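Before any comments, here is the structure.
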There are 2 protein chains.
Amino acid sequence: MKISIIGVGLIGGSIALKLKQKGITEYIYGIDNNSIHLEEGLDLNIIDEKANLEDGIKNSDLIILAIPVDTTRTLLPKVLDLVSDNQTVMDCGSTKSGIVEMVRNHPKRSRYVAFHPMWGTENNGPKSAIAESFSGKAGVICNKEESAKDAFTLVEKIVYALDMHPIYMNAKDHDIHTAYISHISHITSYALANTVLEKEREEETIFQLASSGFSSTVRLAKSHPEMWVPIFKQNKENVLDVLNEHISQLRKFKSALEKENYEYLGELISNANKIREILDK
Amino acid sequence: MKISIIGVGLIGGSIALKLKQKGITEYIYGIDNNSIHLEEGLDLNIIDEKANLEDGIKNSDLIILAIPVDTTRTLLPKVLDLVSDNQTVMDCGSTKSGIVEMVRNHPKRSRYVAFHPMWGTENNGPKSAIAESFSGKAGVICNKEESAKDAFTLVEKIVYALDMHPIYMNAKDHDIHTAYISHISHITSYALANTVLEKEREEETIFQLASSGFSSTVRLAKSHPEMWVPIFKQNKENVLDVLNEHISQLRKFKSALEKENYEYLGELISNANKIREILDK
């Protein structure tokens, strides 16, 4: 199977490495506006050839979009314009409603499968790509009833080849759940970084005192705005909903401290501790 | 050198393992109210003998308190009551002002060195102890002018034996910086866990969709209230100060989203990205 990867970055690169390792594909075309990423992709044996959009698509059985969600919305209809009923298109966007909405009435809608791998890091570019990235994580497929059977089956095969377990959801539910579980973590982490940068004017002190705990909590704050502004924009209502809840949860800690109600503070912490059972089960 | 470790848990256990590995000590007494931790400490070769407070201290050159900051405040004066001018006492508490204040006028004050290793995990108990925990991290020594020269020199030797680099601060500054860099991360993480638990009622969905990013941001939320309520209590003013800033930083994200000011949202994120240069330098 020949594959075009549109966006030879962290996600596209990691998918390419894994699918090559699994023997799923014998040839990968890399399509990217960033010529450095294309060269790096060739050097790292992530892609076999750089291509323009038309040539890459023409020669591929599967086209994978691994670009920010705003450019996914713009580019996906153009990609679908170019495919036949023997080709399949999938994306990797972290939001899904806006993207599926964009192509709802496209004559080639059924060739597209909406996908979101629940993995990412704060890094970007093909040099950060890792074949084992996705192992054990969830691969969400949305609105599968809108995809042709063979297109869906192919993407499901890709999900298993990535060592992910597929989860099926409608796009609207996906965006609610990811706002709760993924998008809010990023805002928390960005706001924490800004808090520390505002309060702690001595960068050297941050560097010296930063423990593994701080580094862990603030890790996502390294994630780039090019990827995340479009996600927050496309998932605005759900993100605002959970952000309001988060501010109200922080206010509970504030109130417990101000009132010196340490019993309540302990209850808030004990409640938070429940996340251990859920994550470590 | 013989050492008493008061509190055979994550921190005390990790210190013991490392100091044994480095050949700094030939015998460690374990003192703990938790008899299970003492047995585990013996089994894991973290301690050589369990002891009561009086016997342990009597036979030790160095006494290390590795217990929550509230019990450190209570126990430290009693420990100092029992030591001679040939013995040294250090603690590992995450707050320092309240503790040094407690023994400011103690006749044996100079035998005590206020210490805080900038390392911890969300786990506890001797089974979580790791010899290499502290490598490369900062070991903060506070108010060193209040300690006898030989006591200070011994603790500095311990800091180097733990492969930490010593930093010297007064206790008041320590508590401000740790509020900014360590304590707020914990509140952020607790509040994030509570937010997700409140919004996402399907625990199975949290488990299934949790990516490495979410797990990283919420990791500290697994930390126990027995350790953290006393820290927040003793560092109340500084924690409230930085918590107010954090809530105001989150409000900026909220406002940018509500007003659909995506340029400003991008600026907030770009500013947060600066943490990468500081942490990865």
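The values are calculated or read from the model by the stated rules, or taken from the named source; none is laboratory data. All values reported here derive from a predicted model rather than from experimental measurement. Backbone-built Cβ (ideal geometry, glycine too); neighbour counts: all protein chains shown. Quick note on the areas: whole protein, heavy atoms, side chains included, nothing else; ligands and nucleic acids left out. Shrake-Rupley method; radii C 1.70, N 1.55, O 1.52, S 1.80 Å.
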*In what sequence, highest mean first, do B:147-155, A:137-145 appear when ranked by Cβ atoms within 10 angstrom?*
A:137-145, B:147-155
*Which ³J(HN,Hα) values in Hz, rounded to whole numbers, follow from the phi angles of region A:137-142 under the Karplus curve 6.51 cos²θ - 1.76 cosθ + 1.60, where θ = phi - 60° and Gly and Pro get x?*
8, 7, x, 8, 10, 10
*Provide the solvent-accessible area of B:K78, counting protein heavy atoms only and rolling a 1.4 Å probe, rounded to the nearest 10 Å².*
110 Å²
*Which percent, to the nearest 5, of DSSP beta bridges fully inside region B:2-169 are antiparallel?*
15 percent
*Give the nm distances, rounded to one decimal, from B:E145 to the matching residue in every other copy, measuring between label points 7 Å along Cα toward the beta carbon; shortest first.*
7.6
*In nm, to one decimal, how far is the modelled label at A:S135 from the one at A:E263, with both set 7 Å along Cα→Cβ?*
4.9 nm
*List A:F207, B:F232, ordered by accessible area with a 1.4 Å probe, largest first*: A:F207, B:F232
*Share of Cα-Cα pairs in region B:2-169 beyond 28 Å, in percent?*
11 percent
*Relative contact order for chain B: what is it in percent, counting Cα pairs under 8 Å that are at least 6 residues apart?*
17 percent
*For region A:184-198, just list the computed ³J(HN,Hα) in residue order, Karplus coefficients 6.51, -1.76 and 1.60, θ = phi - 60°, integers in Hz, with x standing in for Gly and Pro.*
5, 4, 5, 5, 3, 6, 4, 5, 5, 4, 5, 4, 5, 5, 6
*Could I have the simple spin-label model distance between B:K22 and A:E237, label points 7 Å from Cα toward Cβ, reported in nm to one decimal?*
5.9 nm
*Treat each spin label as a single point 7 Å out from the Cα along the C-beta direction, and report the A:S270 to B:N170 distance in nm.*
4.0 nm
_Members of A:K259/B:K199; A:K20/A:K172; A:K199/B:K172; A:K96/A:K236; B:K144/B:K233 lying beyond 22 Å, as alpha-carbon distances in this model show_ = A:K259/B:K199; A:K20/A:K172; B:K144/B:K233
*At 7 Å out from Cα toward Cβ: B:H106 inter-copy label distances (nm, ascending)*: 7.0
*Inter-copy label distances at B:P77, 7 Å along the Cα→beta-carbon direction, one decimal in nm, shortest first?*
7.5
*Count, for each residue of B:221-234, the Cβ atoms from other chains sitting within 10 Å of its Cβ, then give me the mean as a whole number.*
5
*In whole Å and largest first, what semi-axes does the C-alpha gyration tensor of the protein assembly as shown yield when each eigenvalue is scaled by 5 and square-rooted?*
51, 24, 20
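How many partner chain Cβ atoms sit within 10 Å of a residue's Cβ in peptide A:235-245, on average, as a whole number? Intermediate results must be reported in sequence, preceding the final value.
On the way: counts 1, 4, 1, 1, 3, 4, 1, 6, 7, 3, 6.
Averaged over the peptide's residues, the number is 3.
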*For region B:89-162 versus region A:94-151, the gap between their alpha-carbon centres in whole angstrom*: 50 Å
*asked:* Cut-off under 14 Å on the C-alpha distance; same-chain residues fewer than 8 positions from B:K22 excluded. Which aspartates and glutamates are left, in chain and number order?
replied: B:E132, B:D163
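Starting from the Cα-Cα distance between B:D150 and B:E204, subtract it from 0.36 nm times their residue separation and give me the gain in nm to one decimal. Kindly include the intermediate steps, with their values, before the conclusion.
On the way: separation 54, 0.36 × 54 = 19.44 nm, distance 5.63 nm.
Residue separation times 0.36 nm, minus the Cα-Cα distance, leaves 13.8 nm.
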*Quick one: Debye curve from the C-alpha atoms of region A:174-279, no solvent, what's log10 I(q)/I(0) at q = 0.24 Å⁻¹?*
-1.32
*Using a 1.4 Å probe, what is the accessible area per residue for the protein assembly as shown, in Å²?*
38 Å²
*Amide H to amide H under 5 Å from B:L65: which residues, 5+ apart in sequence or cross-chain, H placed 1.01 Å off N in plane?*
B:I6, B:M90, B:D91, B:C92
*Using only Cα positions of region B:44-93, each an equal point scatterer, no hydration layer, compute I(q)/I(0) via Debye at q = 0.20, 0.22, 0.29 Å⁻¹ and quote the log10 values to two decimals.*
-0.71, -0.85, -1.24
*asked:* Run the paramagnetic zone check for A:E277: 7 angstrom along Cα to Cβ, then residues of region B:177-205 with backbone nitrogen under 20 Å.
replied: B:190-205
*Sum -39500 (n - 2.57) across every DSSP H segment of at least 4 residues in chain A, then divide by the residue count to get the 222 nm mean residue ellipticity, nearest 500.*
-16000 deg cm²/dmol
*When you look at the Cβ of every residue in B:196-206, what mean number of other chain Cβ atoms sits within 10 Å?*
6
*Which aspartates and glutamates, on any chain, are close to B:K2 with Cα under 13 Å apart, when same-chain ones fewer than 8 places away are left out?*
B:E26, B:D48, B:E49, B:D55, B:D61
_Given the whole protein assembly as supplied and a 1.4 Å probe, what does the accessible area of B:Y112 come to in Å², nearest 10?_
0 Å²
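Roll a 1.4 angstrom probe over the protein heavy atoms and tell me the percent of accessible area of the protein assembly as shown that is carbon or sulfur.
Working: 10130 of 21440 Å².
Carbon plus sulfur share of accessible area: 47 percent.
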*Neighbourhood charge, 10 Å Cβ-Cβ cut-off, centred on B:L42 and excluding it, Lys, Arg +1 and Asp, Glu -1*: -4
*Accessible surface of A:I63 in the full protein assembly, 1.4 angstrom probe, to the nearest 10 Å²?*
0 Å²
_Interface size between chain A and chain B, please: total buried accessible area, 1.4 Å probe, rounded to the nearest 100 Å²._
8800 Å²
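Counting every Cα pair in chain A, what percent are over 37 Å apart? Each step should come with its number before you reach the end.
Values: 7911 of 39340 pairs.
Considering chain A, 20 percent of its Cα-Cα pairs are separated by more than 37 Å.
Which FRET efficiency, nearest 0.05, do A:M1 and A:H106 yield, Cβ-Cβ r, R0 25 Å?
On the way: r = 23 Å, r/R0 = 0.94.
The formula returns an efficiency of 0.60 here.
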